[in-house]
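Contents: one structure, followed by commentary.
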Amino acid sequence: MHPRTTLLLLLVAAALGAVILGVERYFPSTRELHEMRRGPVKFDRRAVTRIELDSSGGDGASLALVDDLWRVTRPFEDLADPERIVKLIGEVPGIGWIQRVHAAEFDASGWAKTQLEQPRHRLRFFAGDKRILELGLGAPAPIEGASYVSVWQVGRTDETAYYVARTALPELVKAKPAEWRDGKLLRLAAGRITGLKLGQNGGQIELARKDENHPWMLVKPLSSRTSKERAGELLSTLLNLEVTEVLEAGTAAETADTPGTQLRLTVTEADGTTHELVLSKPAKGVTETRATCSHRKPVFVVRSKSLQELWSQPNDLRDRMLARIDEDRAVSIRIESLLFPEIVLEKRADSWFLGRNDRQVAANGERILRFFEALNTHAIVEFTSDSAANLGPYGLDKSFLKVAWQEVGAPLQQLLFGKNAEGSEFFAKYAGEPSVYRIEASLLPAIPQDAIKWKGLGALRFSQFALRSIRITAGTAPPILLKYDPTTAQWSGERAGRDITPLIDRVKADLLAGRLAKFNVQDWSADASAAIHALQTPALEVVVTLGEPGRNDGPTRETKLIFAPTQEGMDTALYFGRVDAGPDVFYVARTSLLQLLVPVFKSAE
């Protein structure tokens, strides 16, 4: 081979080698491309039980998971802020890989400036005693918002990888050790608290409940219902006490027990765990005070705008509302009175039914909602007695009215109502509870004692597919008979023996059928005697004939509605009404009757 050709080939091979080395040096390898897709850090966050934080400035903190609680174990012992730790651990998998870097790409001075060999902050994550991840946070990178980051991860490689990456970790870990301390004096879920004791001046207030679905009760120094709002405010103040300063144990008068200056609280969780707290009473208008708690060693200075709420008196915590019923969870209502038979209302498939004449009929849903609203919004006028041994003066020994209701998963609640001998004052008392309340008489009309008042307002219900005919007789005028064929949806009719089919407007006839199919009344009459007398000579009679839906043959049945004015011989605003000579009589507005008399004929006729 000619020497010139050999030399040329050598030059080409050298150039190709240089290109290959450059590509390998400055472009990601297959493994690095794989890392780019998966991100630099993937690990099981749930496995982490210890975190070591160290900085080049000498500050550091150790965080450990002990009995499911994160604690600071270095440079002091205390509970750690779980939210800050969750944020720290959660930020690690979110590191944004931009580029992997190597020391060979820099000169000695440039590599030192990355601070990857001696990071500003170093984070080590452990599962038990086993190190599973170590991160080094170096200097900010030239790319905006990016930093130099070193990563070592167990089971991935034995070497430390270096990256330019975007991450919020530098901001999170630059916190001082004290900032990892839990900033809440007591961190509990409000729903788990079932008991609360507040002791001051030698006396004690005690609140208790079965669970978060049951109401709070005032147990000591008297037995009474606790205000839902006041109990919520009390818990909110307690659980949001903010730590503003930490004092060395023994440097404050945390153990002093000067009467009236301290509040001792015992908080009980659903599993029986208790937490003891002691707070010094602040001066009026002051929002900070000293506090200690049994599960933390230091003396704290805590802050709350509602701090004074913790120094409550028993009457401050009493419920001023007569009832607290969750109508969505209510499933039954029972009403007993001295004048009428017992009323039983039950909810089935989200609809209320009334037991009447050995049948279950639809109940008046609006009246039931008004009943709940009246009880839930009725304010107690006076706490008359907390230990009434003699209920006679309040008429509660022989209550004229008893109202009971039950909610899903809750015990039956019963309210007894009584009145004094003169009938000038009315009282209420829960069965099984000692307190007697004075109430306003304005509540009682919302609790009708006659079952008819709880009956649903739908006097007539049917499907137009079952309709065969409608006969309307107004006064002494000849009746109009409208026949309906459910198979063809066609109308025919006659009046005084004459065929009026060509005159019928199908749309108007359908509208009349629709009004009758969902005919509602204004109210049911408790006294039917006057109505029955008036209905002996009805002003309007409507007979609806029904059969098997979708067929125009087979057996049929008739339902008759009759109406008469409430004052004989007059066109009154309200009319009496009755269905099939049944026992119940209703009121209906004159305007509703006029809708039944709207002509069904074509406009030209």
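The values are calculated or read from the model by the stated rules, or taken from the named source; none is laboratory data. Everything quoted here is computed from the prediction, not taken from an experiment. Cβ atoms come from the backbone with ideal geometry, glycine included; neighbour counts cover every protein chain shown. SASA here: full protein model, heavy atoms, side chains in, ligands and nucleic acids out. Shrake-Rupley method; radii C 1.70, N 1.55, O 1.52, S 1.80 Å.
Tabulated data
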read-out	value
Condition broken by F426, with the remaining ones in (1) at pLDDT 95 or above; (2) under 30 Å from K210 (Cβ atoms) satisfied	(2)
The listed residue being open to solvent by 20 Å² or more (accessible area, probe 1.4 Å), within 15 Å of F601 (Cβ to Cβ) and modelled with pLDDT under 95, out of P549, P478, P538	P478
Selected residue (criterion: nearest to I325 (Cα to Cα)) from residues of the range 214-238 that are of a type in the set (D, E, K, R) and in a helix (DSSP H, G or I)	K228
Candidates F76, F106 - the one that is at pLDDT 85 or above and farther than 30 Å from T292 by Cα	F106
Sole exception among (1) loosely packed, with under 14 Cβ neighbours inside 10 Å; (2) more than 21 Å from P215 (Cβ to Cβ); (3) modelled with pLDDT under 95 for L391, by number	(1)
Residue within the range 71-85 that is over 27 Å from K297 (Cα atoms), surrounded by fewer than 19 Cβ atoms within 10 Å (Cβ to Cβ) and under 44 Å from the mean Cα position of the chain (by Cα) present	no
Qualifying helices (runs of 4 or more DSSP H) (wholly inside the range 63-178; at least 1 residues being closer than 14 Å to E52 by Cα)	82-91, 169-173
Residues of the range 325-341 classified as assigned to a loop (DSSP other than H, G, I, E, B), open to solvent by 90 Å² or more (accessible area, probe 1.4 Å) and within 25 Å of I439 (Cα to Cα), total	3
Test: residue in the range 369-377 that is among the hydrophobic types (A, V, I, L, M, F, W, C) and in contact with a strand residue (DSSP E or B) (Cβ under 6 Å, 6 or more places away or on another chain)	no
Any hit, the range 32-54, residues being at pLDDT below 85, within 30 Å of V243 (Cβ to Cβ) and not in a helix (DSSP H, G or I)	no
Selection within the range 481-491 - of a type outside the set (D, E, K, R) and either modelled with pLDDT of 95 or more or open to solvent by 70 Å² or more (accessible area, probe 1.4 Å) (or both)	L481, L482, Y484, T487, T488, Q490, W491
The one condition in (1) open to solvent by 40 Å² or more (accessible area, probe 1.4 Å); (2) farther than 14 Å from S306 by Cα; (3) at pLDDT 90 or above that P259 fails to fulfil	(3)
Filter pass, L396 being surrounded by 16 or more Cβ atoms within 10 Å (Cβ to Cβ) and outside any loop (DSSP other than H, G, I, E, B)	no
Any hit, the range 133-143, residues being within 43 Å of the chain's Cα centre (by Cα) and buried (at least 19 other Cβ atoms within 10 Å of the Cβ)	yes
Residue in the range 364-378 that is more than 21 Å from S435 (Cα to Cα) and not in a helix (DSSP H, G or I) present	yes
Every residue from the range 400-422 that is without any contact (Cβ under 8 Å) to a residue 40 or more places away in the chain, assigned to a loop (DSSP other than H, G, I, E, B) and open to solvent by 30 Å² or more (accessible area, probe 1.4 Å)	P411, L412, A421, E422
